[in-house]
Amino acid sequence: MSLSEKLYKWFDERLKLRELLPPIVKHPAPEKVTSNPLYCLGGTAFLCFLILVVTGMFLAMYYKPTPVEAYNSVKRIMTEVPMGSLIRSIHHWAANTMIAAVMLHMMRIYFMGAYKKPRELNWVVGVSLLLITTTFGFSGYLLPWDQLAFWATKIGTGIAGSIPVIGVYISLILVGGTDIGAETLTRFYAIHVLILPATIVVLLVLHFMMVRLQGISGRL
Ligand code: HEM
């Protein structure tokens, strides 16, 4: 018996893998999905998300979320940390690609009418995923704490603040006061690495469960 078979047997005896895995793993994607790249856009967005999680973990080992240290810690990642600039670039491009993939995925759903009954709820979950994806980008933009980051955040929080009635509260929660400063940076960091990842994982599980339950729309 090979090592992999022995390992499988060891886990199977404890976790009943033989019953648990087949319904999950042995579920071939329908022919229309494997033959049409438009059906890969959701998967592309998910792949980008996984890349962002891994590269983000490495960046978090060197990034320091304080106004005094943030800029220099990013500079250090780019110039001193081994493969730091590569990891940061991959994080940057995966973020941009994810936003593009989510937008295109949403357009595919819209133009193919895949949001119609019984998939309305999954559309609503999808809209929340789009909001979270863009908020990821917005909150990450401030972290390098340079001029571009500062003024982009000033404009972004200003736009949020101009929403009637609730805008002023949203701006206060985001900025952590009246001016962008240390409080804002800590908040954006917490939003970027804790609040959004936890929320997106819950929504992705719901999204995928519904896709699995309802199947992919259209004729097979
Ligand atoms: C983080 C963002 C997202 C990820 C990772 C994701 C992932 C996926 C995947 C892998 C599928 C199955 C394959 C496919 O159709 O591409 C899917 C289907 C679906 N997604 Fe998304 N999605 C995201 C955002 C959205 C958005 C923004 C919407 C719409 C507002 C949306 C609505 C749907 C719907 C309705 C389906 C079912 C499609 C069908 O049955 O044909 N998703 N998603």
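The values are calculated or read from the model by the stated rules, or taken from the named source; none is laboratory data. Treat the numbers as computed from the prediction; the structure is a model and nothing was measured. As a convention, Cβ positions derive from the backbone with ideal geometry for all residues, glycine included, and neighbour counts pool all protein chains shown. When the accessible area is computed, the model is the full protein with side chains, heavy atoms only, and any ligands, DNA or RNA have been set aside. Shrake-Rupley method; radii C 1.70, N 1.55, O 1.52, S 1.80 Å.
Can you pull out every residue in region 121-142 that is aliphatic (A, V, I, L, M), more than 7 Å from the ligand (Cβ to nearest atom) and without any contact (Cβ under 8 Å) to a residue 40 or more places away in the chain?
V124, L131
Considering only region 155-203, state which residues are in contact with an Asp or Glu (Cβ under 9 Å, 6 or more places away or on another chain) and either open to solvent by 80 Å² or more (accessible area, probe 1.4 Å) or not small (G, A, S) (or both).
Here is the first cut: in region 155-203, the ones in contact with an Asp or Glu (Cβ under 9 Å, 6 or more places away or on another chain) are 175-177.
V175 - this is the single residue of region 155-203 that is in contact with an Asp or Glu (Cβ under 9 Å, 6 or more places away or on another chain) and either open to solvent by 80 Å² or more (accessible area, probe 1.4 Å) or not small (G, A, S) (or both).
Hey, could you check region 41-55 for residues that are more than 11 Å from V102 (Cα to Cα) and within 14 Å of the ligand (Cβ to nearest atom) and say which is most open to solvent (accessible area, probe 1.4 Å)?
First pass over region 41-55, keeping only residues more than 11 Å from V102 (Cα to Cα): 47, 50-55.
Retained after the next criterion (residues that are within 14 Å of the ligand (Cβ to nearest atom)): 47, 50-53.
Working: L47: 102, L50: 82, I51: 63, L52: 29, V53: 57 Å².
Selected residue: L47.
Every residue in region 107-148 that is closer than 19 Å to Q214 by Cβ and among the acidic types (D, E), please. Working first, answer last.
Going through region 107-148, the residues closer than 19 Å to Q214 by Cβ turn out to be 108-129.
Within region 107-148, just E120 meets the criteria.
Out of all the residues in region 146-172, which are of a type in the set (V, I, T) and in contact (Cβ under 8 Å) with a residue 12 or more places away in the chain? Steps first, please.
Residues of region 146-172 of a type in the set (V, I, T): 153, 155, 157, 159, 163, 165-166, 168, 170.
If the condition is that a residue be of a type in the set (V, I, T) and in contact (Cβ under 8 Å) with a residue 12 or more places away in the chain, then T153, T157 are the ones that fit.
Determine which member of the set L3, L7, L59, L17 is under 26 Å from the mean Cα position of the chain (by Cα) and either of a type in the set (A, V, I, L, M, F, W, C) or open to solvent by 90 Å² or more (accessible area, probe 1.4 Å) (or both).
On the way: L3 fails: under 26 Å from the mean Cα position of the chain (by Cα); L7 fails: under 26 Å from the mean Cα position of the chain (by Cα); L17 fails: under 26 Å from the mean Cα position of the chain (by Cα).
Just a single option satisfies the conditions, and that option is L59.
Determine which member of the set W145, W151 is assigned to a helix (DSSP H, G or I), more than 30 Å from V33 (Cβ to Cβ), of a type in the set (F, W, Y) and more than 12 Å from the ligand (Cβ to nearest atom). First the steps, then the outcome.
Values: W145 fails: assigned to a helix (DSSP H, G or I).
That would be W151, the only listed residue that is assigned to a helix (DSSP H, G or I), more than 30 Å from V33 (Cβ to Cβ), of a type in the set (F, W, Y) and more than 12 Å from the ligand (Cβ to nearest atom).
Yes or no: V74 surrounded by 10 or more Cβ atoms within 10 Å (Cβ to Cβ) and either touching a strand residue (DSSP E or B) at 6+ places or on another chain (Cβ under 7 Å) or modelled with pLDDT of 95 or more (or both)? Steps first, please.
Details: surrounded by 10 or more Cβ atoms within 10 Å (Cβ to Cβ): yes; either touching a strand residue (DSSP E or B) at 6+ places or on another chain (Cβ under 7 Å) or modelled with pLDDT of 95 or more (or both): yes.
Criteria met by V74.
With the checklist (1) surrounded by 13 or more Cβ atoms within 10 Å (Cβ to Cβ); (2) touching a residue at least 60 places away in the same chain (Cβ under 8 Å) in hand, flag the one item E31 doesn't pass.
(1)
Of all residues in region 165-220 being within 12 Å of the ligand (Cβ to nearest atom) and of a type in the set (S, T, N, Q), which is farthest from M61 (Cα to Cα)?
S217
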